[in-house]
1. Would you give the gap between the C-alpha center of segment A:241-273 and the C-alpha center of segment A:155-210, rounded to a whole Å?
2. With each run of n ≥ 4 DSSP H residues scored as -39500 (n - 2.57), what mean residue ellipticity at 222 nm is computed for chain A after dividing by its residue count and rounding to the nearest 500 deg cm²/dmol?
3. Only bridges whose two residues both fall in segment A:37-194 count here: according to DSSP, what percent of them are antiparallel, nearest 5?
4. Using only the alpha-carbon atoms, how far is helix A:139-152 inclined from the longest principal axis of chain A? Give it as 0 to 90 degrees, nearest 10.
5. By the gyration tensor of its Cα atoms, with a ≥ b ≥ c the square roots of the eigenvalues, what is the shape of segment A:1-54: rounded for a/c under 1.5, prolate for a/b over b/c, or oblate?
6. Stick to Cα atoms and the Kirkwood definition of Rh, then tell me Rg/Rh for segment A:59-102.
7. How do A:6-14, A:226-234 rank on mean C-beta neighbours within 10 Å, highest first?
8. What fraction, in whole percent, of alpha-carbon pairs in the protein assembly as shown exceed 28 Å separation?
Ligand code: SF4
């Protein structure tokens, strides 16, 4: 689980009587999260379902999800880290000045009430979304929230879980962790994995122009990344694997159409709580699967001589 | 037309990965996705098994998959610092192949998470 204090959604469904959503909008981005796991479900421990649960939304604006919550805390944009730090202090009865609280856009009453409820919960869970992990502070925000959840365990059971977005990003984390020990932003250029987001993360690598060939699979950076990164992708040979001809495919040197995962290609996908789910494709695609194409490209590379002129390359011929 | 029913199908559109979807499909497209939400329905109903796009493109021209695989391998092999990126909308099996390929290339590997 990568060191997080977390649990599965099944536990949330059955036990969580105090639920915080921080910087996420499940009503629009994860539409069945409320009904399947958090709000609506009844269980042995929460026989009255919604009535047994308290739901808090922390966000910078009133999203559609706020309607479903009992308490809405509107934090000033970019002040999430400050708010979490203040909460961590107040949970431990440390002094916090009024100015410090005012900076977050909330009042002391709101925070004291929140902390009383958090401590009074039997099982608390904090879900955090992109509004927290992708704004000012980024991974430091996630770290602060995870620490707050961990520290709450001095009083009651508390966990935290990221609301992962599109497709199988959780799977990518898990697979990279399994294979290399790190979740993303990895370089093999010394022959062993090294991890350094900021140096090896894609946007930075592209903006600096530090790569001379890009292999893009199951993503469309040509539509989502900043312009200097896209310009670099157009400059170097880019290879794209995707079920559609995407923005990135148009600036790529090679595009290969593949079967869409879960619809026409079988395999495994990870849920946001890191539970693997088998995919049950309904269609048969005229295109090959990602897995098959990547394996064949890998084998074609392995058949070429390595840097010492060994043929084929040592690494794969040993397997 | 004969409809195939797939029970407990899995939707991978968002991180909820609902595994209780009932799909009604014929040869080329999915007609119904029961229990899926609006986003999930759109995801299932928008994909077809039609041959809509060329198998592969090299420099913008249609090519066979074999040619494209060779071309891709050449580009990656000749690069000093190749980058493997993305891996959100794909299976774990393909992700594992990607990491292995990056290892073989002594390159970079990264996912959406780093954005
Ligand atoms: S059905 Fe809706 S909530 Fe469930 S995984 Fe698909 S998009 Fe997400």
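No value in this document is a laboratory result; all are computed from the given coordinates. A quick note: this is a predicted structure, and the numbers were derived from the prediction, not measured. Positions of Cβ are generated from backbone atoms using ideal geometry, with glycine treated the same way; all protein chains shown enter the neighbour counts.
1. Each part's Cα centre sits 20 Å from the other's.
2. Numbers: 14 runs with 113 residues, N = 319.
When only DSSP H runs of four or more count, the value is -9500 deg cm²/dmol.
3. Values: 1 of 11 bridges.
Counting only bridges with both partners in segment A:37-194, antiparallel ones make up about 10 percent.
4. Here the helix axis deviates by roughly 40 degrees.
5. Details: a/c = 1.89, a/b = 1.18, b/c = 1.61.
Because a/c hits 1.5 or more and a/b fails to exceed b/c, segment A:1-54 counts as oblate.
6. On the way: Rg = 12.3 Å, Rh = 11.8 Å.
Dividing the radius of gyration by the Kirkwood radius yields 1.04.
7. Details: A:6-14: 17.9, A:226-234: 15.7.
Peptide ranking by packing, descending: A:6-14, A:226-234.
8. Details: 49589 of 93961 pairs.
Every Cα pair in the protein assembly as shown considered, those over 28 Å come to 53 percent.
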